[in-house]
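The values are calculated or read from the model by the stated rules, or taken from the named source; none is laboratory data. All values reported here derive from a predicted model rather than from experimental measurement. We place every Cβ from the backbone using ideal geometry, glycine too, and count neighbours over all the protein chains shown. Calculation scope for accessible area: heavy atoms of the full protein, side chains included, ligands and nucleic acids excluded. Shrake-Rupley method; radii C 1.70, N 1.55, O 1.52, S 1.80 Å.
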Amino acid sequence: MNKGTPRREFLGALAAFSLFPLEQEKPDLILYNGNILTVNERQPHAEAVAVRRDRFLAVGSNSDVLNLSSAASKKIDLGGKTVTPGFIDAHSHPAEAGLMHLRMVDCDLRSISAIQAALRERATKTPAGEWVLGFKYDDTKTDEGRPLTVADLDAAVPDHPVHIEHRGGHTTYSNSPAFRMAGIDEKTPDPPGGKIDRDPATGKLTGRVAESANDFFDKAIPLQFTRDDHREGVKLISKMLARTGITSATEAQGTPTDLLAYQDAHESGDLLYRAYCFINFHFLDAMIAAGNRTGLGDEWVRIGAVKLVCDGSISERTARLSTPYEGRPNDYGILVMTEEELYTLGRKAHLAGWQIGTHANGDVAIDTTLRVYERLQKEHPRRDPRFRLEHCTVVNDSLIARIKALGAIPTPFSTYVYYHGEKMRFYGAERLNHMFALRSFIDAGIRPTQASDYPPGEFIPMMALQSEVTRTDMKGSVWGPKQRITVKEAVRVGTLNGAYASYEENLKGSIEVGKLADLVVLGRDPLEENPSTLVTIPVERTMAGGRWTFES
Ligand SMILES: [Zn+2]
């Protein structure tokens with residue numbers, strides 16, 4: 001060491017050295033008597049693990065691992081319980097969802113009367129004249145079999161403005177005071193790219209507005225979040241994710257504000273999952289100017305890909321398809337960015353060393369996005385760009401061959417078949433055999449991930465397993481059985497493949513010596529479970545970085 005070495009560097013060097021000879025390290029914690037599914041091909045199964053600080057120190061048989069213990073090592077008998085690596089949700093919107101859970105009424109309820117009761121309850125706690133806001137409403141999931149109306153909402157809450165977002169995020173439902181405050185009446189014309197629904201017989205407002213007509217409400221609702229609110233939102237969603245076994249999530253439409261919220265939550269000890277924070281393309285120039293790019297950060301908060309958007313949504317039937325929606329012969333969905341726009345933004349990001357994640361659901365959108373990626377790689381070859389296709393829902397053989405050739409990563413919806421079965425009929429049985437195409441991806445040597453897109457989709461990993469393995473919805477209808485995968489494959493998709501999608505396969509995603517100690521203790525073994533009850537397997541404990549983030 002040089003004489004002039006500052007003290008901090010000296011201590012840092014000592015710390016690095018002390019980690020090197022693993023045999024001198026004693027475990028802080030040993031979990032033994034487990035059925036440990038490691039997702040490590042060289043050692044697929046183990047009975048015990050030792051954890052030191054935030055990493056796995058040893059993985060092996062009970063006797064091998066227990067032999068490492070010292071008086072200070074805490075030991076937990078797993079009683080034969082199954083352990084998997086922590087699950088990685090490779091596409092969701094947790095920071096935004098956390099804020100919504102903090103401030104809004106969760107309208108994911110099975111009847112209009114239950115939604116009315118929830119709104120009424122919130123209204124009694126809301127000062128006069130202030131907005132009552134709701135989210136996660138789904139018109140296809142209530143017992144009444146009809147959408148909410150302005151009359152339903154007026155009856156529930158007559159004297160506060162009420163405004164509810166559909167789960168898919170493109171349509172909203174409001175009561176009469178809300179329309180008044182937004183400046184909308186029966187004579188207000190539809191704005192370009194938007195619709196204010198009216199009863200065809202009477203011309204009266206129905207309560208529903210779509211797409212750009214939501215701007216009226218966005219302007220009228222004073223929804224401002226403080227820095228503390230953002231941190232609280234992350235804290236709230238952290239607990240929700242941890243109790244299902246999630247230890248990492250991609251923030252799929254992140255902003256610099258989200259990065260700050262994650263850093264704040266991490267510093268206050270409230271961040272319970274590792275965040276790979278995509279950056280919305282609106283911020284790309286500012287981020288590049290500041291010298292930031294994909295990968296900056298640490299294992300808790302890291303800058304992810306830049307997010308681009310090519311087409312519409314699956315749940316609200318606006319994805320851009322090559323053949324029309326069932327029963328709507330002229331409806332092919334929509335492209336929201338042109339190929340040239342995608343190329344211009346993509347080139348800027350690609351040259352600056354960013355990973356690119358483009359929302360592409362329909363086969364036309366995937367074809368367009370792949371063409372942009374292929375062109376970027378041809379004009380400016382980069383080693384290992386790991387282009388991502390967010391959702392990548394409807395595919396065919398030639399698209400799959402191009403995805404493989406490019407080394408691109410699809411992040412298909414994991415829980416849609418099970419949870420959104422009633423929307424599958426818009427796509428038809430034949431097309432469903434080419435949607436959420438895990439079997440085809442895996443057979444082609446591609447590494448698809450588990451991805452919820454929460455709030456639009458559910459994030460429970462055991463539900464993802466059931467959906468992917470059975471391709472059966474809650475009511476028992478089967479959608480696209482050709483794309484079934486095995487439980488073992490589904491676990492790998494939900495763990496190691498997710499780590500690969502964020503360049504972190506050497507850091508997490510499997511239970512291996514030296515990797516981050518992220519794991520889940522399950523109440524039953526998914527490999528032994530009847531596939532139709534996988535969703536009922538309880539999560540007993542979740543660990544991230546050697547710390548229990550959830551204990552039942
Ligand atoms: Zn999304």
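For THR140, project a label point 7 Å along Cα to C-beta. Then give me every residue of segment 308-322 with its amide nitrogen under 14 Å of that point.
Counting only backbone N, you get 313-319.
Could you pull out every residue, at least 5 positions away or on a different chain, whose amide H is within less than 5 Å of the one on HIS359? Hs are placed 1.01 Å off N in the peptide plane, and Pro or chain starts have none.
LEU308, VAL309, CYS310, GLU390
Can you give the charge dipole size of segment 208-272 about its Cα centre, rounded to the nearest 20 debye, using +1 on the beta carbon of Lys and Arg and -1 on the beta carbon of Asp and Glu?
240
Counting just the Cα atoms, what span does the chain cover along each of its three principal axes? Round to the nearest Å and put the largest first.
80, 58, 55
Once you keep just the Cα pairs under 8 angstrom separated by 6 or more residues, what percentage relative contact order results for segment 183-332? Present the calculation step by step, with values, prior to reporting the outcome.
Working: 188 pairs, mean separation 21.5, N = 150.
With pairs under 8 Å counted, the relative contact order is 14 percent.
At a 1.4 Å probe, what is the % contribution of carbon and sulfur to the accessible area of the chain?
Heavy-atom surface of the chain belonging to carbon and sulfur, 1.4 Å probe: 53 percent.
May I ask for the distance between the Cα centers of segment 111-151 and segment 224-257, given as a whole number of Å?
24
With labels modelled as points extended 7 Å from the Cα through the Cβ direction, what inter-label distance (nm, one decimal) is found for GLU326 paired with ALA289?
5.0
Note down the relative contact order for the chain as a percent, whole number, built from C-alpha pairs under 8 angstrom at least six residues apart.
16
Which angle from 0 to 90°, rounded to the nearest 10, does the C-alpha axis of helix 397-406 make with the longest principal axis of the chain?
The angle comes out at about 50 degrees.
Mind listing the long-range amide H neighbours of SER322? Cut-off is under 5 Å, sequence gap 5 or more, other chains count too, H placed in the peptide plane at 1.01 Å from N.
ASP363, VAL364
Expressed as a whole number of Å, what is the distance separating the alpha-carbon centroids of segment 447-518 and segment 371-395?
Rounded to whole Å, the Cα centres lie 22 Å apart.
Using a 1.4 Å probe and ignoring any ligands, DNA or RNA, find the accessible area of ARG208 and quote it in Å² to the nearest 10.
70
By average Cβ neighbour count within 10 Å, what is the ranking of 211-221, 66-76 from highest down?
211-221, 66-76
Could you provide, to the nearest whole Å², the per residue accessible area of segment 197-284 with probe 1.4 Å?
44
Given H placed on each backbone N at 1.01 Å, which residues far from LYS204 in sequence or on other chains put an amide H within less than 5 Å of it?
Here ASP199 satisfy the definition.
In the structure shown, do any of LYS307/LYS348; LYS235/LYS307; LYS141/LYS423; LYS26/LYS74; LYS136/LYS423; LYS348/LYS378 have a Cα-Cα gap over 19 Å, and if so which? Show your work: numbers first, answer last.
Numbers: LYS307/LYS348 13 Å; LYS235/LYS307 24 Å; LYS141/LYS423 10 Å; LYS26/LYS74 11 Å; LYS136/LYS423 16 Å; LYS348/LYS378 15 Å.
Flagged as over cut-off: LYS235/LYS307.
Quick one: angle between helix 227-242 and the longest Cα principal axis of the chain, in degrees between 0 and 90, rounded to 10, please.
Helix 227-242 and the main axis of the chain meet at about 70 degrees.
Label ALA72 and LEU507 with points 7 Å out from Cα along Cα→Cβ: what is the distance between them in nm?
That separation, rounded to one decimal, is 2.7 nm.
Report the GluC sites (Glu not before Pro) located in segment 461-552 that are in a DSSP loop and have at most 13 other Cβ atoms inside 10 Å of their Cβ, or state none.
Those that pass, being in a loop and sparsely packed, are GLU528.
Using per-residue counts of other Cβ atoms within 10 Å, averaged over each peptide, order 316-322, 332-338 from highest down.
Those peptides, ordered most packed to least, come out 316-322, 332-338.
Hey, what do the phi angles of segment 141-151 turn into as Karplus ³J(HN,Hα) couplings, whole Hz, using 6.51/-1.76/1.60 and θ = phi - 60°, x for Gly and Pro?
Residue by residue, segment 141-151 yields 10, 9, 4, 5, x, 9, x, 4, 10, 4, 5 Hz.
Calculate the spin-label point distance for HIS282 paired with GLU374, positioning each point 7 Å from the Cα along the beta-carbon direction, and give it in nanometres.
3.3
Taking only Cα atoms, what is the 0 to 90° angle, nearest 10, from helix 256-267's long axis to the longest principal axis of the chain?
Approximately 40 degrees, to the nearest 10.
Using the Cα centre of the chain as origin and beta-carbon charges of +1 (Lys, Arg) and -1 (Asp, Glu), tell me which of ALA349, VAL39, ALA71 is placed farthest towards the positive end of the dipole.
The residue sitting most towards the positive pole is ALA71.
Please express the Cα-Cα pair-distance distribution P(r) of segment 172-259 as a list of whole percents, one per 5 Å bin, running from 0 to the bin with the greatest distance.
3, 11, 17, 15, 11, 11, 13, 11, 6, 3, 0
Considering only C-alpha atoms, what is the centroid distance from segment 261-327 to segment 413-434, in Å?
That distance is 25 Å.
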